[in-house]
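S.K.: Take this structure first; my questions come after.
The values are calculated or read from the model by the stated rules, or taken from the named source; none is laboratory data. Quick caveat, the model's predicted, so the values are computed rather than measured. Cβ coordinates were reconstructed from backbone atoms using ideal geometry, including for glycine residues, and neighbour counts include every protein chain displayed.
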Amino acid sequence: MNELVNSVEGLPGISTSLQLLLLLTVLSFLPAVLVLMTSFTRIIIVLGFVRTSLATQQMPPTQVLIGLALFLTFFIMAPVFADVNDQALQPLLAGELDAEEAFDAAALPMKEFMAQHTRQKDLALFLGYSGAERPESVADIPLTSLVPAYAISELKTAFTIGFMIFIPFLVIDMVVASVLMSMGMMMLPPVMISLPFKILLFVLVDGWYLVVKSLLYSF
């Protein structure tokens with residue numbers, strides 16, 4: 001954050017008020033950048049599916065899931081952020097690049113990351129709708145098309161992983177419901193009885209380790 005402030009303050013030919021306005025503008029876009037241009041979307045959705053499939057209501061708390069998703073995001077995106085720092089931020093601070101050149105340099109590592117995890121049909125949808133020509137390289141892909149394409153690709157991937165997580169817990173619910181019906185205890189909620197068995201299964205297979213490992217290796 002200090003480097004970001006210093007880079008804005010060090011821009012030549014820009015008054016202090018404009019520098020402050022530029023800094024606030026950049027900071028206002030950071031949440032959207034974090035959510036839509038990184039691995040955060042996939043991670044937080046999958047963690048949400050884990051909690052929903054366990055039927056533990058608010059356990060783990062939302063703050064814990066968001067915190068874990070943030071740290072996993074920074075861990076996964078560390079090489080990309082390092083490239084942005086080396087190719088854009090440091091040259092900008094050294095006066096080797098102007099603001100526009102630094103933006104283009106910073107966008108390239110992000111584009112490469114997003115393009116690697118974006119389905120071609122999703123990207124073709126937005127490129128076709130915008131009327132843009134077929135890009136010859138990743139650098140030629142406009143962010144206005146790549147970002148939403150990457151977002152819906154991440155949503156599909158996250159929901160696919162979430163479905164796979166749901167299956168074993170759904171089986172437990174069905175088995176418990178069948179046992180309760182055979183015992184004539186139809187008024188007893190199966191979810192309440194199956195919850196301890198779900199938690200036991202999740203602990204025995206080291207569920208959090210498997211989920212986090214799957215997320216890390218999916219990028």
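S.K.: Test Phe126 against the stated conditions and say whether it is under 30 Å from Leu200 (Cα atoms), crowded, with 19+ Cβ neighbours inside 10 Å and modelled with pLDDT under 90.
M.R.: Values: under 30 Å from Leu200 (Cα atoms): no; crowded, with 19+ Cβ neighbours inside 10 Å: yes; modelled with pLDDT under 90: yes.
For Phe126, the condition - under 30 Å from Leu200 (Cα atoms), crowded, with 19+ Cβ neighbours inside 10 Å and modelled with pLDDT under 90 - is not met.
S.K.: Looking only at the stretch 173-184, decide whether some residue is in a helix (DSSP H, G or I) and under 27 Å from the mean Cα position of the chain (by Cα).
M.R.: Of all residues in the stretch 173-184, those in a helix (DSSP H, G or I) come to 173-182.
Okay, now just the ones that are also under 27 Å from the mean Cα position of the chain (by Cα), so none.
Taking every residue of the stretch 173-184 in turn, none turns out to be in a helix (DSSP H, G or I) and under 27 Å from the mean Cα position of the chain (by Cα).
S.K.: I need the full set of residues from the stretch 35-89 which are within 15 Å of Ile161 (Cβ to Cβ), in a helix (DSSP H, G or I) and of a type in the set (Gly, Ala, Ser), in order please.
M.R.: Once the filter is applied, which keeps residues that are within 15 Å of Ile161 (Cβ to Cβ), in a helix (DSSP H, G or I) and of a type in the set (Gly, Ala, Ser), the stretch 35-89 yields Gly48, Ser53, Ala69.
S.K.: Also, quick follow-up: Surrounded by 13 or more Cβ atoms within 10 Å (Cβ to Cβ) and touching a residue at least 24 places away in the same chain (Cβ under 8 Å): does that describe Ala151?
M.R.: Working: surrounded by 13 or more Cβ atoms within 10 Å (Cβ to Cβ): yes; touching a residue at least 24 places away in the same chain (Cβ under 8 Å): yes.
Yes; evaluated as a whole, the condition is true for this residue.
S.K.: Out of the residues in the stretch 197-207 that are surrounded by 10 or more Cβ atoms within 10 Å (Cβ to Cβ) and free of Cβ contacts under 8 Å to residues at least 60 places away in the same chain, state the one that is nearest to the chain's Cα centre (by Cα).
M.R.: Residues of the stretch 197-207 surrounded by 10 or more Cβ atoms within 10 Å (Cβ to Cβ): 197-203, 205-207.
Those left that are additionally free of Cβ contacts under 8 Å to residues at least 60 places away in the same chain: 197, 200-201, 203, 205-206.
Details: Phe197: 30, Leu200: 29, Leu201: 27, Val203: 25, Val205: 25, Asp206: 23 Å.
So the residue we want is Asp206.
S.K.: Evaluate the following for Ala32: is it small (Gly, Ala, Ser) and at pLDDT below 90? Let's see the steps before the verdict.
M.R.: Details: small (Gly, Ala, Ser): yes; at pLDDT below 90: yes.
Here the answer is yes, as Ala32 does meet what is asked.
S.K.: Now for a different question. Does Leu143 count as without any contact (Cβ under 8 Å) to a residue 40 or more places away in the chain and either among the aromatic types (Phe, Trp, Tyr) or surrounded by fewer than 18 Cβ atoms within 10 Å (Cβ to Cβ) (or both)?
M.R.: So Leu143 fits the description; yes.
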